[in-house]
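What follows is one structure encoded as structure tokens, with my remarks underneath.
The values are calculated or read from the model by the stated rules, or taken from the named source; none is laboratory data. Quantities reported herein were computed from a predicted structural model and do not represent experimental measurements. Neighbour counts are summed over all protein chains in view; Cβ atoms, including those assigned to glycine, are modelled from backbone coordinates with ideal geometry.
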């Protein structure tokens, strides 16, 4: 399997990366040279194999160049969401032990704040411009030689995902070997299933700091394909790029399907999407009606998978299978599926329980609080991320919940405890519950229910005040779409908040802000 450096020798002028809006192109020859220079720069700064760096920027061509430089230098690189606030980004940099932080000029205000709160970071570089305290990535990189470093090793990403308690956790899947030419871990499973090859033109509409877009683009470039990167998702532009570049593969979340389907019919019919061979989706529940319409529109090219960053197993389902098992995320592609009850007993088909995978070596490490690993494995060594669902008689998996209280909105994982911890600090909040409620457009939306210090404050004006207060302290993706009031939340003497009762109320259309009984 070719590494980009081998493709660069054979087809140096072949496009490796094409930016959707700007049209900027990086050839394989340029990607090879710049990733070598980036690796040389890392060594010049004293970074060795196994060291960590943090990366925070919008989608641009430098993003993947830096990832490939890290891959060639044995560096563990952590992309950070550019929607995070200062405290959230600082926590991740400190937790992963980053020695270098690379940010874009577009995020200069946040970058300035991180100069004095980035934990172990010793070096600060900026893409697309500079501010005080940061050096130019481009100037520093282009000053380096284009030859490979003498001690190349295989570097990998460490991505952060909300866990079951506390702060977000970093998930590190060690490289299969130190050999930089080692195939991407997904290549022998999803790569084969989805037909990735040197002929692939992969449209990537999502932020590169997310796990799936990053992994798929790295795998595509391993294979010698071309990645077309959208700076930001825009539904009509996505269709235009499919036609313009004759894209063969793409990766989506359901909200993107929804927004494309909401385009006027004459707009949707304006673009030729017949080149698409695999339109892959995952990350959030997809409404059945939406998926039916996408299959009607694009044909039987819609393919879904279910997996976790920990790499403990995966399922897959194509359009034909899905039409026979609507709502399913498929049968196991890697690992063996099991559904267990709370006592660890295996459940028969049709009964809901926690999803486990066995038979697949779960080779990952958590960075963060030690208790986050609790419950990841049972006594038999089977692994779970805490998702809940059931199997049908044919072995097809159906999800009925996601990590219990984990909220997945528009393909983004949102951890309620973080929002609750912030909200309870407001002077007028005595207690708070945050959970997801069904949403046709985003899969789920964030709902907050507050028990006020004084019931007289249970007004629309106070709800607006609290949400505006929260907006200044947390990324907008995590901001509740609605805030209601309850005279007493279902928290028992043992300290546990039983949000299930609230969630059932909201699923049934009830509100939780009734006045207290006299």
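Picking from 388, 424, which residue would you name as being surrounded by fewer than 18 Cβ atoms within 10 Å (Cβ to Cβ) and without any contact (Cβ under 8 Å) to a residue 24 or more places away in the chain? Reasoning before the result, please.
On the way: 388 fails: without any contact (Cβ under 8 Å) to a residue 24 or more places away in the chain.
From the options 388, 424, the qualifying one is 424.
Criterion first (closer than 18 Å to residue 74 by Cα and in contact (Cβ under 8 Å) with a residue 12 or more places away in the chain) does residue 141 satisfy it?
yes
Output the number of the condition that residue 108 fails; it satisfies all remaining conditions of (1) assigned to a helix (DSSP H, G or I); (2) in contact with a helix residue (DSSP H, G or I) (Cβ under 9 Å, 6 or more places away or on another chain).
(2)
Taking the condition of being surrounded by fewer than 17 Cβ atoms within 10 Å (Cβ to Cβ) and in contact with a strand residue (DSSP E or B) (Cβ under 8 Å, 6 or more places away or on another chain), how many residues in region 15-44 meet it?
2
Just one of (1) assigned to a loop (DSSP other than H, G, I, E, B); (2) modelled with pLDDT under 80 trips up residue 381, so point out which.
Among (1) assigned to a loop (DSSP other than H, G, I, E, B); (2) modelled with pLDDT under 80, the lone unmet condition for residue 381 is (2).
I'm told residue 220 meets every condition in (1) in contact with a strand residue (DSSP E or B) (Cβ under 7 Å, 6 or more places away or on another chain); (2) touching a residue at least 40 places away in the same chain (Cβ under 8 Å); (3) buried (at least 23 other Cβ atoms within 10 Å of the Cβ); (4) closer than 21 Å to residue 35 by Cβ except one. Can you identify the failing condition by its number?
Status for residue 220: all satisfied but (2).
Is there a residue being touching a strand residue (DSSP E or B) at 6+ places or on another chain (Cβ under 6 Å), surrounded by fewer than 24 Cβ atoms within 10 Å (Cβ to Cβ) and not in a helix (DSSP H, G or I) anywhere in region 84-95?
Within region 84-95, none of the residues are touching a strand residue (DSSP E or B) at 6+ places or on another chain (Cβ under 6 Å), surrounded by fewer than 24 Cβ atoms within 10 Å (Cβ to Cβ) and not in a helix (DSSP H, G or I).
Can you pull out the residues in region 191-217 that are buried (at least 22 other Cβ atoms within 10 Å of the Cβ) and over 21 Å from the mean Cα position of the chain (by Cα)?
200, 201 - these are the residues of region 191-217 that are buried (at least 22 other Cβ atoms within 10 Å of the Cβ) and over 21 Å from the mean Cα position of the chain (by Cα).
Give the residue, chosen from 437, 446, 432, that is in a strand (DSSP E or B) and under 22 Å from residue 82 (Cβ atoms).
Answer to the check: 446.
Checking the conditions here, which among 147, 152 is farther than 30 Å from residue 85 by Cβ, surrounded by fewer than 19 Cβ atoms within 10 Å (Cβ to Cβ), in contact with a helix residue (DSSP H, G or I) (Cβ under 8 Å, 6 or more places away or on another chain) and in the same structural domain as residue 45 (by TED's automatic domain parsing)?
147
All but one of (1) on the phi < 0 side of the Ramachandran plot; (2) surrounded by 19 or more Cβ atoms within 10 Å (Cβ to Cβ); (3) at pLDDT below 95 hold for residue 445; which doesn't?
Residue 445 satisfies all of (1) on the phi < 0 side of the Ramachandran plot; (2) surrounded by 19 or more Cβ atoms within 10 Å (Cβ to Cβ); (3) at pLDDT below 95 except (2).
So, in region 19-57, how many residues would count as being touching a helix residue (DSSP H, G or I) at 6+ places or on another chain (Cβ under 7 Å), farther than 23 Å from residue 171 by Cβ and in a loop (DSSP other than H, G, I, E, B)?
Going through region 19-57 one residue at a time, the tally reaches 2.
Any idea how many residues of region 263-286 are at pLDDT below 85 and more than 16 Å from residue 321 (Cα to Cα)?
The total comes to 3.
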